[in-house]
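K.L.:
The structure follows.
The values are calculated or read from the model by the stated rules, or taken from the named source; none is laboratory data. Since this is a predicted model, take the numbers as computed values, not measurements. So basically every Cβ, Gly included, is an ideal-geometry build from the backbone, and we count neighbours across all protein chains shown. For the accessible areas, the whole protein counts, side chains as well, though only heavy atoms, and no ligand, DNA or RNA atoms are used. Shrake-Rupley method; radii C 1.70, N 1.55, O 1.52, S 1.80 Å.
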Amino acid sequence: MKNHKKEKIIPYIKSGLFILIGIFSAAFGLKGFLLPNGFIDGGVTGISLLTALLTDIPLPALIILINLPFIYSGWKQVSLSFAISTAAAICGLALCLIFVNFPIITNDKLLTAVFGGFFLGAGIGMCIRGGSVIDGTEILSLLISKRSGFTIGDILLLVNILIFSVAAILLNIETALYSIL
């Protein structure tokens with residue numbers, strides 16, 4: 001009987017570890033590379049970064065607030081457990097951004113673009129591997145792809161083109177181009 005319980009718990013532990021590693025990787029990409037250099041990302045994180053740069057609203061609060069409708073959609077369209085793990089991952093990212101101090105790794109624009117994107121992307125991937133997301137546009141893309149002829153990648157690309165176009169207008173074209181990397 002004890003082995004049966006252990007077998008049921010192990011997948012949850014693995015998922016939790018993937019999500020935890022994903023949160024820290026994404027936060028490291030943001031705080032160690034992108035934020036100190038004024039770069040943005042795509043998706044909800046990019047919208048949150050742009051809004052934080054243009055207002056006095058803290059980035060962690062924006063990440064949570066802007067993701068709320070997507071968490072709700074994930075609950076209605078995917079499952080309650082997916083929505084709960086996604087909400088926990090997003091809140092975990094916000095808390096990590098508030099409380100964990102990562103060193104600024106470099107001010108070189110190319111290194112920032114490449115490695116900031118790598119760690120943020122790895123974090124997103126690890127969270128997906130754990131059964132959640134830390135950016136609501138993945139949920140939006142999944143839902144739209146089910147109802148259209150577009151792939152998840154197509155939809156994410158279109159959303160990101162829009163975000164980086166706005167960044168080019170509001171910030172500058174060079175920052176937007178490096179952020180696309």
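K.L.:
Condition first: within 15 Å of ILE139 (Cβ to Cβ) and over 12 Å from the mean Cα position of the chain (by Cα). Now tell me which residues in region 54-69 satisfy that.
P.N.:
Hits for region 54-69 are LEU68, PRO69.
K.L.:
Pull up region 133-151, narrow it to residues that are touching a helix residue (DSSP H, G or I) at 6+ places or on another chain (Cβ under 9 Å) and of a type in the set (Gly, Ala, Ser), then point me to the one that is surrounded by the fewest Cβ atoms within 10 Å (Cβ to Cβ).
P.N.:
That would be SER148.
K.L.:
Looking at (1) farther than 21 Å from LEU143 by Cβ; (2) touching a residue at least 24 places away in the same chain (Cβ under 8 Å), can you tell me which one SER85 breaks?
P.N.:
With (1) farther than 21 Å from LEU143 by Cβ; (2) touching a residue at least 24 places away in the same chain (Cβ under 8 Å) applied to SER85, the lone miss is (1).
K.L.:
Which one of these does LEU34 not meet: (1) within 17 Å of MET126 (Cβ to Cβ); (2) in contact with a Gly (Cβ under 7 Å, 6 or more places away or on another chain)?
P.N.:
(1)
K.L.:
Evaluate region 14-28: report whether one residue or more is over 14 Å from PHE119 (Cα atoms), of a type in the set (Lys, Arg) and surrounded by fewer than 24 Cβ atoms within 10 Å (Cβ to Cβ).
P.N.:
Yes - at least one qualifying residue is present in region 14-28.
K.L.:
Can you give me the number of residues within region 152-181 that are of a type in the set (A, V, I, L, M, F, W, C) and open to solvent by 60 Å² or more (accessible area, probe 1.4 Å)?
P.N.:
Looking only at that region, the number is 11.
K.L.:
Out of curiosity, is LYS31 basic (Lys, Arg), part of a helix (DSSP H, G or I) and surrounded by fewer than 19 Cβ atoms within 10 Å (Cβ to Cβ)?
P.N.:
no
K.L.:
Turning to a different aspect of this structure: Out of all the residues in region 149-173, which are farther than 20 Å from ILE124 by Cβ and modelled with pLDDT of 90 or more?
P.N.:
SER165, VAL166, ALA168, ILE169, ILE173
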